[in-house]
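The values are calculated or read from the model by the stated rules, or taken from the named source; none is laboratory data. The shown structure was predicted, so the numbers you read here are calculated from the model rather than taken from an experiment. Glycine gets a Cβ as well: all are built from the backbone with ideal geometry, and neighbour counts include every protein chain shown. Please note that ligands, DNA and RNA were not included when accessible areas were found on the heavy atoms of the full protein model with its side chains. Shrake-Rupley method; radii C 1.70, N 1.55, O 1.52, S 1.80 Å.
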Amino acid sequence: MQVIKVYPAGFASNSYIVTGNGTTCAVIDCAQPKVLDKCKQLNLQPECVLLTHGHYDHVGGCAAFQSAGVPIMCGKGEKDLIFSDGYMSLCAGSVPRFTVDKTFSDGDEFEAAGVKFKVIATPGHSAGGVTYLAEDCLFTGDTLFCGSVGRTDLPTGSSSQLVRSVKKLYALNGDYIVYCGHEDDTTLQAERFGNYYIQDDNAQH
């Protein structure tokens, strides 16, 4: 499996192009239309866009992908929030409109672009936020960062839910590369031991 990280131009989230077959790809959090251009440059045909959540800085490229015939997917609890007044107030309603084609529930598994994904519900930063597990990788959106965690003071955020969600990730067996919504990548083991925002109750420091 190959993961290509696309950094944003200006304020937006990281986007990830994931392929297991070298010909098609799944895109996680298409923050800007330029992510579609990057897929074309790589000669990868997008099969789907997978959203960790629906805040404006993660979805700015969705309309471009949907216009190209690519389905948009997200957690079941996030679908009706993306264009809600609360979310749109964060960006003055400037996100190009799109529709969600498919939703996921906690524990759902599927295959895209030759990669097997598992959906982990991780609410807290937003009510319907999810993390995608693929091989030895976790795509955590704004749930877990390198040395930090997502903010909970935005619409539908909950600090108690975020704590439970991060500890749910800590409880996974083994180690994973953590591809975050913003800033640098990290590993789950590094966050279990070194993330002082939310402690792993089982970690031995």
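In region 7-34, what residues are within 19 Å of VAL115 (Cα to Cα) and either open to solvent by less than 40 Å² (accessible area, probe 1.4 Å) or at pLDDT below 95 (or both)?
SER15, TYR16, ILE17, VAL18, THR19, THR24, CYS25, ALA26, VAL27, ILE28, ASP29, CYS30, listed by residue number.
From the set of residues in region 123-139 that are open to solvent by 10 Å² or more (accessible area, probe 1.4 Å) and under 14 Å from LEU188 (Cβ atoms), which is nearest to the chain's Cα centre (by Cα)?
LEU133
Which is crowded, with 23+ Cβ neighbours inside 10 Å and over 19 Å from TYR179 (Cα atoms), of PHE65, PHE104?
PHE104
Quick check, is VAL130 in contact (Cβ under 8 Å) with a residue 40 or more places away in the chain, β-branched (Val, Ile, Thr) and in contact with a Phe, Trp or Tyr (Cβ under 8 Å, 6 or more places away or on another chain)? Break it down into steps so the answer makes sense when it comes.
Values: in contact (Cβ under 8 Å) with a residue 40 or more places away in the chain: yes; β-branched (Val, Ile, Thr): yes; in contact with a Phe, Trp or Tyr (Cβ under 8 Å, 6 or more places away or on another chain): yes.
For VAL130, the condition - in contact (Cβ under 8 Å) with a residue 40 or more places away in the chain, β-branched (Val, Ile, Thr) and in contact with a Phe, Trp or Tyr (Cβ under 8 Å, 6 or more places away or on another chain) - is met.
Criterion first (part of a helix (DSSP H, G or I), under 16 Å from ALA127 (Cα atoms), open to solvent by 70 Å² or more (accessible area, probe 1.4 Å) and out of contact with any helix residue (DSSP H, G or I) (no Cβ under 8 Å at 6 or more places or on another chain)) does ASP80 satisfy it?
Considered against the rule, which asks whether it is part of a helix (DSSP H, G or I), under 16 Å from ALA127 (Cα atoms), open to solvent by 70 Å² or more (accessible area, probe 1.4 Å) and out of contact with any helix residue (DSSP H, G or I) (no Cβ under 8 Å at 6 or more places or on another chain), ASP80 comes out as yes.
When the residues of region 113-122 are filtered to those that are touching a Ser or Thr at 6+ places or on another chain (Cβ under 6 Å) and not hydroxyl-bearing (Ser, Thr, Tyr), which remaining residue is surrounded by the fewest Cβ atoms within 10 Å (Cβ to Cβ)?
Only one residue fits best here, namely ILE120.
For residues in region 36-62 being out of contact with any Phe, Trp or Tyr (no Cβ under 9 Å at 6 or more places or on another chain), of a type outside the set (A, V, I, L, M) and open to solvent by 10 Å² or more (accessible area, probe 1.4 Å), which is farthest from ARG151 (Cα to Cα)?
The qualifying residue farthest from ARG151 (Cα to Cα) is ASN43.
Would you call ASP142 touching a residue at least 60 places away in the same chain (Cβ under 8 Å) and either of a type outside the set (S, T, N, Q) or open to solvent by 50 Å² or more (accessible area, probe 1.4 Å) (or both)?
Details: touching a residue at least 60 places away in the same chain (Cβ under 8 Å): yes; either of a type outside the set (S, T, N, Q) or open to solvent by 50 Å² or more (accessible area, probe 1.4 Å) (or both): yes.
Criteria met by ASP142.
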